[in-house]
Every structure is written in C-alpha cells, then in structure tokens.
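The structure appears below as structure tokens.
The values are calculated or read from the model by the stated rules, or taken from the named source; none is laboratory data. Predicted model, so just to flag it, every value in this text is computed and none were measured. Cβ atoms come from the backbone with ideal geometry, glycine included; neighbour counts cover every protein chain shown.
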Amino acid sequence: MLKEFRDFLMKGNLVELAVAVVMGIAFGAVVKSFVDNIITPIIGMIFGVDFSGESFTINGSTFHYGLFLNAVIYFVLVGTSVFFFVVKPINAITARLNRGKEGEAAAPSETELLTEIRDLLAQRAV
C-alpha cells in the first residue's frame, strides 16, 4: 500500500502540477508586489491620489474601493502575463510542430475506395 502511494506521488503529472502551483503562487506574489508598489503609485501620481488608501463610509460601513481597484489591476496583469508568456508561446510551438502534419492528406476510407473501384468497373462495362 505504501508503494502504491509512493508511485502515485511520483507520477510525472502530479509532480508537474505541484511545481506549477508553487510557481503560480510565487508569480502571483511578484505581480501583486508590482501592482502595489509600482503600478498603484504611478496611477496615484497621474490622478493625484493613492488608490490603495481610498475608501468611503456609509452608515458606519467602510468600503475600500482602492483595494478593489488594486485587485482588478492585479487580475488583469496576471491574465495578461499568463496569456503572453505561457499561452502564446505554447500555441506558437504547437503550430510549428503541427506545420508538417497539415500537408499530409488523409488516406481514403474503405468505403471511398470501394465506391471508386465500383465506378471504374462500371465505366469499363459500358
């Protein structure tokens, strides 16, 4: 039973997934720091306000819309980064690998071959 569990843990896909999760968390921390420490101050400099501290109060409830804006910027930057640094390169590599395969014509099916033979035999009989 322990051997089976060890084999399960050492499967390539599981280890790769664990590494991807850890790298994703680390990448998220870097992008969050970038948004909080670089992007937000630049936006604050342009608009004259630091959004991270912005909030308003209604009936004693405080709404921190600046933190929400930081989260939206963070989400957009993570999505953009993943798209341009993961999805686009993978699609380019896949297209390059499949480029030679597109030229190969699919072999005709058995039914198509039999139909062609029948038609040729019918032409000879005429």
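Taking the criterion of being touching a helix residue (DSSP H, G or I) at 6+ places or on another chain (Cβ under 8 Å) and either under 30 Å from SER52 (Cβ atoms) or at pLDDT 85 or above (or both), the residues of segment 71-126 that qualify are ILE73, TYR74, LEU77, VAL78, SER81.
Residue pairs whose Cβ atoms lie under 9 Å apart, separated by 6 or more positions or on different chains, with the first residue in segment 1-27 and in a helix (DSSP H, G or I) and the second aromatic (Phe, Trp, Tyr), are LEU14/PHE8.
Can we say VAL87 is of a type outside the set (S, T, N, Q) and either in a loop (DSSP other than H, G, I, E, B) or in contact (Cβ under 8 Å) with a residue 24 or more places away in the chain (or both)?
Answer is no for this residue.
Note on segment 46-79: residues that are β-branched (Val, Ile, Thr) and closer than 13 Å to VAL35 by Cα amount to 4. Has segment 57-66 got any residue that is among the aliphatic types (A, V, I, L, M) and in a helix (DSSP H, G or I)? No; the residues of segment 57-66 include none that is among the aliphatic types (A, V, I, L, M) and in a helix (DSSP H, G or I). Out of curiosity, is VAL82 touching a Gly at 6+ places or on another chain (Cβ under 8 Å), within 26 Å of GLY24 (Cα to Cα) and surrounded by 11 or more Cβ atoms within 10 Å (Cβ to Cβ)? For VAL82, the condition - touching a Gly at 6+ places or on another chain (Cβ under 8 Å), within 26 Å of GLY24 (Cα to Cα) and surrounded by 11 or more Cβ atoms within 10 Å (Cβ to Cβ) - is not met.
Yes or no: segment 96-108 includes at least one residue that is over 28 Å from ILE25 (Cα atoms), aliphatic (A, V, I, L, M) and assigned to a helix (DSSP H, G or I). Break it down into steps so the answer makes sense when it comes.
The initial filter retains those residues of segment 96-108 that are over 28 Å from ILE25 (Cα atoms), namely 96-108.
Checking which are aliphatic (A, V, I, L, M) leaves us with 97, 105-107.
Filter once more, so that each one left must be assigned to a helix (DSSP H, G or I): 97.
Yes, segment 96-108 contains at least one residue that is over 28 Å from ILE25 (Cα atoms), aliphatic (A, V, I, L, M) and assigned to a helix (DSSP H, G or I).
What is the residue count in segment 9-45 for residues that are within 13 Å of VAL78 (Cα to Cα) and at pLDDT below 80? So the count comes out to 0. Selection of segment 42-72 for residues being polar (S, T, N, Q) and more than 25 Å from GLY28 (Cα to Cα) yields THR57, ASN59, SER61, THR62. Would a scan of segment 38-54 turn up a residue that is surrounded by 10 or more Cβ atoms within 10 Å (Cβ to Cβ), on the phi < 0 side of the Ramachandran plot, in contact (Cβ under 8 Å) with a residue 12 or more places away in the chain and not in a helix (DSSP H, G or I)? Checked against the condition, which is being surrounded by 10 or more Cβ atoms within 10 Å (Cβ to Cβ), on the phi < 0 side of the Ramachandran plot, in contact (Cβ under 8 Å) with a residue 12 or more places away in the chain and not in a helix (DSSP H, G or I), segment 38-54 yields at least one hit.
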